[in-house]
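Data first, discussion second: the structure below is written as structure tokens.
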There are 2 protein chains.
Amino acid sequence: MRPVPTQLAAKLYRAGELLADQGLDNTKIEEIAEVTGVPKATLYYYFAGKEEVLAFLFHDFLSLVAGDVAVAASAPGTGEERLRSVIDAQLRLMFEHPAVCRALIGDLGRAGRLPEIAAAINEAFYAPLDRLLAEGAADGSLRPMDDPVGAAATIFGAVTMAGLGIMVTSTTNDVDHIIELVQQILLGGLTAPRRAAKKR
Amino acid sequence: MRPVPTQLAAKLYRAGELLADQGLDNTKIEEIAEVTGVPKATLYYYFAGKEEVLAFLFHDFLSLVAGDVAVAASAPGTGEERLRSVIDAQLRLMFEHPAVCRALIGDLGRAGRLPEIAAAINEAFYAPLDRLLAEGAADGSLRPMDDPVGAAATIFGAVTMAGLGIMVTSTTNDVDHIIELVQQILLGGLTAPRRAAKKR
DNA sequence: GATAGTTTGTACTCGAAGTCTAAATCATTG
DNA sequence: CAATGATTTAGACTTCGAGTACAAACTATC
């Protein structure tokens, strides 16, 4: 993959919607050429195939996420506070880039099979979470986990699916609402508070 | 799609591994024919194409899940206890059918685009969770949610990704361990218990 | 043993991915 | 300003695999 000029990159984003709706395999490279305005021959000049076009979009988006998440994760505050910010950051970015995000989830399998993308997902999501859980346990604000990697996967899944679920069903488009929901579930848990007065 | 004889169905499962590893689009229907021992012509006699083969496997697996989950969800006990059982049931089934399960996640986008499969996912996962959350809130064992649908998506994501994450990275293959982890996070939350004694 | 459904091999069609080439454009620099 | 080299694009071509067609063998079952 040749270095992609910014102007070209911008055009490629126009294919996001299409790819999210149809998936890569139901999308002809000619279609990508049409909606982006980039001729097929040019696409092949930069990318080895349509899969690489998708990979480029994913990678671009994931760097964005990794950046924001890293900022949130290394801000001052307790582990708990920062975990809240990380969830906040991830969900906000998802809602700002719904198309790429949907495409990413839709072709999750493919993404996992592309080594570079798998690494980027790890970099953007798992590693920071993993670190944060350890730090939160150290400062006493988070429950210590004996399997932080598994926990990170669980959290990532919860956040991602929550964002996606809402994006698809879209009962609400209120981001703040969703963020609060996810934070409440993940941090506070689903069990009712112990001291809940017997109402009868 | 013609009614699929059981003997044929059994053979089809042999393609699970392949489909999980490569994804549907990187798998030639001839390959499916080879590993299953079912000739291409026969496959086309029963299915409209390779996508339908995949859909059959998904549907089969999802009915299984829906069954087990329904049992767990309608057992006696508080909402919290039953939620624990549901998580348990889902994760156990995932670990019993890793190939189909991986394929399902990998081709999640495609699955979502097949109406029948989308409905089956809903039936197997979302609807029971949704119901359970309401019942748990009613009996006081679970925190009331003002967006039960969003919550259901969050829980589904957490459970699924946890199972998947472990399945791929497989630091541990200890199912019970994972189940406990997910239950702990989702029910108890990540925040450290309030009464945590100041250790110093 | 005739009729209907199933199983399978083989040959074929067709569409889309990706390759090749060559011409046009643009940029850089001696 | 040439001249060198990279970029952009059109269009023709190759290749591969999905799906189709069909006919022959096989299996029921009535």
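The values are calculated or read from the model by the stated rules, or taken from the named source; none is laboratory data. Fair warning: this is a prediction, and the values are worked out from it, not measured in the lab. As a convention, Cβ positions derive from the backbone with ideal geometry for all residues, glycine included, and neighbour counts pool all protein chains shown.
Return the only residue of A:Asp25, A:Asp60 being surrounded by 15 or more Cβ atoms within 10 Å (Cβ to Cβ), within 10 Å of DNA strand C (Cβ to nearest atom) and modelled with pLDDT under 95.
Values: A:Asp60 fails: within 10 Å of DNA strand C (Cβ to nearest atom).
Being surrounded by 15 or more Cβ atoms within 10 Å (Cβ to Cβ), within 10 Å of DNA strand C (Cβ to nearest atom) and modelled with pLDDT under 95 holds for just one of A:Asp25, A:Asp60, which is A:Asp25.
Do any helices (runs of 4 or more DSSP H) entirely within the range B:11-53 hold 2 or more residues that are more than 12 Å from DNA strand D (Cβ to nearest atom) and either touching a residue at least 24 places away in the same chain (Cβ under 8 Å) or of a type in the set (Phe, Trp, Tyr) (or both), and if so, which? Break it down stepwise before answering.
Working: elements: B:16-22, B:29-36, B:40-46.
Where helices (runs of 4 or more DSSP H) fall fully within the range B:11-53 and carry at least 2 residues being more than 12 Å from DNA strand D (Cβ to nearest atom) and either touching a residue at least 24 places away in the same chain (Cβ under 8 Å) or of a type in the set (Phe, Trp, Tyr) (or both), they are B:16-22.
Count, please, the residues in the range A:68-124 that happen to be among the hydroxyl-bearing types (Ser, Thr, Tyr) and free of Cβ contacts under 8 Å to residues at least 12 places away in the same chain. Please lay out each step first, then the result.
Filtering the range A:68-124 for residues among the hydroxyl-bearing types (Ser, Thr, Tyr) gives A:74, A:78, A:85.
Remaining after also requiring free of Cβ contacts under 8 Å to residues at least 12 places away in the same chain: A:74.
The qualifying residues number 1.
So that you can scan it fast, the table gives a plain yes or no per residue for (1) buried (at least 22 other Cβ atoms within 10 Å of the Cβ); (2) at pLDDT below 90:
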site: A:Gly79; (1), (2): yes, no
site: A:Leu91; (1), (2): yes, no
site: A:Phe95; (1), (2): no, no
site: A:Ala138; (1), (2): no, no
site: A:Gly163; (1), (2): yes, yes
site: A:Ile166; (1), (2): yes, yes
site: A:Asn173; (1), (2): no, yes
site: A:Asp176; (1), (2): no, no
site: A:Val182; (1), (2): yes, no
Of the residues A:Glu80, A:Glu17, A:Glu31, A:Glu52, which is in contact with a strand residue (DSSP E or B) (Cβ under 8 Å, 6 or more places away or on another chain) and not aliphatic (A, V, I, L, M)? A:Glu80
Residues that are closer than 17 Å to B:Gly189 by Cβ: find the helices (runs of 4 or more DSSP H) completely inside the range A:114-175 holding 2 or more of those. A:127-138, A:148-169
So, first residue within 9 Å of chain A (Cβ to nearest Cβ) in the range B:125-139, second residue of a type in the set (Gly, Ala, Ser) and part of a helix (DSSP H, G or I), Cβ within less than 6 Å, six or more apart or across chains; the pairs are B:Tyr126/B:Ala152; B:Leu133/B:Ala151; B:Gly136/B:Gly79
Given the conditions (1) buried (at least 18 other Cβ atoms within 10 Å of the Cβ); (2) of a type in the set (A, V, I, L, M); (3) more than 18 Å from the chain's Cα centre (by Cα), every one holds for B:Ala120 apart from (3)
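Of all the residues that make up the range B:143-166, how many are free of Cβ contacts under 8 Å to residues at least 12 places away in the same chain and within 7 Å of chain A (Cβ to nearest Cβ)?
The initial filter retains those residues of the range B:143-166 that are free of Cβ contacts under 8 Å to residues at least 12 places away in the same chain, namely B:143-144, B:146-147, B:150, B:154, B:157, B:161, B:165.
Filter once more, keeping what is within 7 Å of chain A (Cβ to nearest Cβ): B:143, B:147, B:150, B:154, B:157, B:161, B:165.
Of the residues in that region, 7 qualify.
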